[in-house]
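The values are calculated or read from the model by the stated rules, or taken from the named source; none is laboratory data. Just so it is clear, the structure is predicted and the values come from calculations on it, not from any experiment. Cβ coordinates were reconstructed from backbone atoms using ideal geometry, including for glycine residues, and neighbour counts include every protein chain displayed. The area values use the complete protein model at the heavy-atom level, side chains included, leaving out ligands, DNA and RNA. Shrake-Rupley method; radii C 1.70, N 1.55, O 1.52, S 1.80 Å.
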Amino acid sequence: MFADNTLTPREAVRLCALGTIAQGPLRYSDLASSIRHFITRLSGPSLDLMGSSIELLRYEGLVDAVDGLGMEDNALLQITEAGSEAFRNLMTAPLRPASDLSKLITALKFRFLHLLSRQDQMDQVDLLIDTSETGLNRLVDLRRHMDGEPGYMAAWLDDEIARAEQRLAWLEDLRAKVGA
C-alpha cells in the first residue's frame, strides 16, 4: 500500500482477483480472463496492472486449487480463509483522491487550448473526443457483461456511462465552437 494506506495499482488487481474468486470457485483461465476483462475495460490495457500473477496468490495461500495444480491444468480455484481476510483488508482500504496525471494534462489542454491555431485546437478537441469515445465504449462493454451480477457495479456503471455521455456531448459542442 501507499504510505496513506491507499491501494497501489497492483493491489487493485489483487482486490479484483480475490473479489472475483470470493463470489465462487473458478477455473484458473476463467479467473484470469475475468480479471483482464474487468481491469482493461476500466483502465485500458496496462502491463503494470496485468503483471500480477494468480500463481502468486496461490503461493501466498490466498487461493487454493480444489482440483488440479494450477495454470498448467486449468485447476478450479477457491479463496482461502487467508484470502478472505486479505480481500477484506483490501476492500476496506481508504480511497486516494483523484490524482491521475492524465486528468492534469487534460486540464492543461483546456487551460491553454485558446493559444493554439484553430486547426491545432480542432485536432486537440478531436483527440479528446476520441479518448472519451474509447473510454465510453469500454464502460458500455463492461456494463453488458455485468447484467445479472449481484451488488452495485451495474448501477455505478450506469452512472459512469451517463457522465461519459455528457462529457462527450460537451466536447462535441466545444468542437462546434472551435470550428465556428
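Things worth noting here:
- Residue in region 109-131 that is surrounded by 13 or more Cβ atoms within 10 Å (Cβ to Cβ), of a type in the set (S, T, Y), touching a residue at least 12 places away in the same chain (Cβ under 8 Å) and over 30 Å from Y28 (Cβ atoms) present: no
- For L142, the requirement of being in contact with a helix residue (DSSP H, G or I) (Cβ under 9 Å, 6 or more places away or on another chain) and within 28 Å of K109 (Cα to Cα) is not met.
- The sole residue among A154, A169, A162 that is within 16 Å of R41 (Cβ to Cβ) and either open to solvent by 90 Å² or more (accessible area, probe 1.4 Å) or within 25 Å of the chain's Cα centre (by Cα) (or both) is A154.
- Check on N89, touching a strand residue (DSSP E or B) at 6+ places or on another chain (Cβ under 7 Å), modelled with pLDDT under 90 and surrounded by 12 or more Cβ atoms within 10 Å (Cβ to Cβ): no
- Matching option when the condition is in contact (Cβ under 8 Å) with a residue 24 or more places away in the chain and on the phi < 0 side of the Ramachandran plot, among A154, A164: A164
- Scope region 64-83; condition open to solvent by 40 Å² or more (accessible area, probe 1.4 Å) and not in a helix (DSSP H, G or I); matching residues: D64, V66, D67, G68, L69, N74, L76, Q78
- Top-ranked residue of region 44-60 - restricted to ones that are open to solvent by less than 30 Å² (accessible area, probe 1.4 Å) and closer than 20 Å to I79 by Cβ, ranked as modelled with the lowest pLDDT: I54
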